[in-house]
Amino acid sequence: MDLNYYLVDVFTDTPFSGAQIAVFPDAHSVSQRDRELIANELNLWETVFITGSDNASRFQLKVQTPQKETSIGAHTTIAASYTLAKSGALKSQDSAPIFFENNNEEQTIYVTYDKGEIKQTLLTSRVTPQVDRFTPTKEELAEILNLNPNQLRDKRYAPLIVSCETAYLIIPVKSLQAVVEARFNYQAWSTSTAPATFAQEILLFCTETEHSLTDFHLRLLGPSIGRLEDPPVGASTPAFAAYLCDHKHIKPGTHVFAVERGLEQARQSILHLEMDNKGESTLTVRVGGSAVFTGEGKIHLKKNAE
């Protein structure tokens, strides 16, 4: 059995930049074991398997990393939207939403078109964030990141634990250089108070950016990241939006930001982030961006593969 797939670079309009995702647009006959084997063979950050339905605006997604099955998010829904449009499965070119389902989770996607081609995909989600101000000390954080304490920012923003299902230890630093220089120190992490927070990922950020049109530079590190130098940050953006809303200088209202991940010479991503700060327990977040196709291929799969 041959399975067609596309390679999609997400959160970029430049080929061989952004986050590379593989998408299988017709995976209704692919088992869980097959998905694991394929994701390991391709060895990308995430591989998406789409199962269609009788409803042309509703699709089932399965997302697999080389290590495990994971939930759907901004990267995977954008990659899936572009692939469905390219394969002809998306017929509509109006403002009607499409829906992606994964187990008991559903994501609402809005697609904008320009001259018949997808221009941008916007993922809308409503989250109930939990914020914890118990974080390691400034000295502990600096040691965990192999940085100097004076490289950590402590005026306009403060370190916080923010959870929207996944808990992130969000740490502001003073400069882009500090973000780039940071190296996760597992020993310092394990001997600090950090493990008691249940956050297994660190979201490092600064307001200094490489791109002139972006507002923040983000980078993920931590014990659950493994050896990936600068992984995609799309899944962390709802928590980052909630983090911003927790600071008094972020006034009530709708805010729009542009967020970058990575440097221009190293697969940089640009994310569009919107949030409706109403001072309520729930927060509406919209994460969007563009994508480009870089290739397509076939996987040869034996029907009885186990």
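The values are calculated or read from the model by the stated rules, or taken from the named source; none is laboratory data. Computed from a predicted structure; not experimentally measured. Cβ coordinates were reconstructed from backbone atoms using ideal geometry, including for glycine residues, and neighbour counts include every protein chain displayed.
The residue pairs whose first member lies in the stretch 145-164 and is in the same structural domain as PHE240 (by TED's automatic domain parsing) and modelled with pLDDT of 95 or more, whose second member is in a helix (DSSP H, G or I) and surrounded by fewer than 19 Cβ atoms within 10 Å (Cβ to Cβ), and whose beta carbons are closer than 7 Å, counting only pairs six or more residues apart or on different chains, are LEU147/GLU181; PRO149/LYS138; PRO149/GLU139; LEU152/LYS138; ILE161/THR197. Of all residues in the stretch 13-46, those being in a loop (DSSP other than H, G, I, E, B), touching a Gly at 6+ places or on another chain (Cβ under 9 Å) and within 25 Å of ARG58 (Cα to Cα) number 3. Residues GLN67, GLN32, GLN20: which one is crowded, with 20+ Cβ neighbours inside 10 Å and polar (S, T, N, Q)? Checking each option against the conditions leaves just GLN20. Each residue in the stretch 134-189 was checked for being among the polar types (S, T, N, Q) and within 17 Å of GLU208 (Cα to Cα), and 4 of them qualify. Note on the stretch 262-306: among residues that are of a type outside the set (D, E, K, R) and without any contact (Cβ under 8 Å) to a residue 12 or more places away in the chain, the one that is farthest from HIS75 (Cα to Cα) is ASN304.
Could you check the stretch 259-285 and list, in sequence order, the residues that are within 24 Å of VAL131 (Cβ to Cβ) and either among the small types (Gly, Ala, Ser) or assigned to a loop (DSSP other than H, G, I, E, B) (or both)? Scanning the stretch 259-285 gives LYS278, GLY279, GLU280, SER281, THR282. Restricting THR83, THR121 to residues that are among the β-branched types (Val, Ile, Thr) and under 19 Å from ASP26 (Cα atoms) narrows the list to THR83. Scanning the stretch 79-113 for residues that are modelled with pLDDT of 85 or more and within 16 Å of TYR5 (Cβ to Cβ) yields ALA79, ALA80, SER81, TYR82, THR83, LEU84.
Look at the stretch 168-192: where a residue is under 13 Å from ASN146 (Cβ atoms) and a partner is among the polar types (S, T, N, Q), sitting 6+ places away or on another chain with Cβ atoms under 6 Å, you get VAL173/GLN151; ALA178/GLN151; ARG183/ASN146; ASN185/ASN146.
I'd like to check something: does the stretch 107-115 contain any residue that is outside any loop (DSSP other than H, G, I, E, B) and more than 22 Å from the chain's Cα centre (by Cα)? Checked the stretch 107-115: at least one residue is outside any loop (DSSP other than H, G, I, E, B) and more than 22 Å from the chain's Cα centre (by Cα).
Against the numbered list (1) in contact with a Leu (Cβ under 7 Å, 6 or more places away or on another chain); (2) assigned to a helix (DSSP H, G or I); (3) at pLDDT below 95, VAL179 comes up short only at (3). Is there a residue in the stretch 247-255 that is part of a loop (DSSP other than H, G, I, E, B) and charged (D, E, K, R)? Among the residues of the stretch 247-255, at least one is part of a loop (DSSP other than H, G, I, E, B) and charged (D, E, K, R), which makes the answer yes. Of everything in the stretch 134-169 that is assigned to a loop (DSSP other than H, G, I, E, B), within 20 Å of PHE198 (Cβ to Cβ) and not aromatic (Phe, Trp, Tyr), the residue that is farthest from the chain's Cα centre (by Cα) is THR137. Of the residues contained in the stretch 190-206, none is found to be at pLDDT 90 or above, touching a Gly at 6+ places or on another chain (Cβ under 8 Å) and within 19 Å of THR14 (Cβ to Cβ). Residue-level check: of (1) touching a Lys or Arg at 6+ places or on another chain (Cβ under 8 Å); (2) over 27 Å from ARG133 (Cα atoms); (3) in a loop (DSSP other than H, G, I, E, B), PHE293 misses just (3).
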